[in-house]
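A quick write-up on the structure given underneath.
Read-outs throughout are calculated quantities, based only on the coordinates presented, and are distinct from any laboratory measurement. These numbers come from a predicted model, not from an experiment. Every residue, glycine among them, receives a Cβ derived from its backbone with ideal geometry; neighbour counts consider all protein chains shown.
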Amino acid sequence: MDVWEPRPLPNVTPESERYWEAASNDRLLLSKCPDCDLVIHYPRARCPDCFTETEWTEASGDGRIYSYSVAERMEGWPEADLPLVVAYVELAEGPRMMTNLIGCDPDDISVGDSVSAVFISTEEDNIGIPVFRPD
Ligand SMILES: [Zn+2]
């Protein structure tokens, strides 16, 4: 998977703009509450627990497979990138994110396996897509 297209690009909002831009520079950013230390994904301007304005923190990109599902066919998905492995990855920093696992045989992965973030470029300079690869 060298480029993201023809898959659809994410809907970039003011809250998530920096997240997608960081991913275009191979960095994974998370929202963090400076008051209660809650780390949040998907990006939010305010902490869902105490409503303080969040700050950005850079994630290590390390995580573990929390759950996953394998699709042998997917409408609009490039044939070369099937089967599609959709996963919830629990990041080392705490939050879980829905993502894709790439570069793996679905028969060789298990819940709990460690994974690392990799970033797929898109035709938009300021949008990168974080996905994960088993370690
Ligand atoms: Zn908070």
Could you give each residue of the range 37-46 its phi-based ³J(HN,Hα) in whole Hz, using Karplus coefficients 6.51, -1.76, 1.60 with θ = phi - 60°, and x for Gly or Pro?
6, 5, 9, 10, 9, 5, x, 9, 6, 10
Residue-ordered couplings for the range 20-26, obtained by feeding phi - 60° into the Karplus form 6.51 cos²θ - 1.76 cosθ + 1.60 and rounding to whole Hz (Gly and Pro as x), are 5, 5, 4, 5, 6, 10, 6
Once phi is turned into θ = phi - 60°, what whole-Hz ³J(HN,Hα) does the Karplus curve with 6.51, -1.76 and 1.60 give for every residue of the range 102-109, x standing for Gly and Pro?
10, x, 8, 8, x, 6, 9, 10
Expected max-MSF residue from Asp62, Asp35, Asp107 in the GNM of the chain (alpha carbon, under 10 Å) is Asp107
The range 37-135: trypsin sites (Lys or Arg not before Pro) in DSSP loop, at most 15 other beta carbons within 10 Å:
Arg44, Arg73
If each Cα of the range 17-134 is one equal point scatterer, what is log10 of I(q)/I(0) from the Debye formula at q = 0.13 Å⁻¹?
-0.54
Once you've got the GNM for the chain with C-alpha springs shorter than 10 Å, pick whichever of Val89, Val70, Val39 has the biggest mean-square fluctuation.
Val70
List every residue whose amide H lies under 5 Å from the amide H of Leu28, counting only residues 5 or more places away in sequence or on a different chain, with H placed 1.01 Å from N in the peptide plane.
Ala59
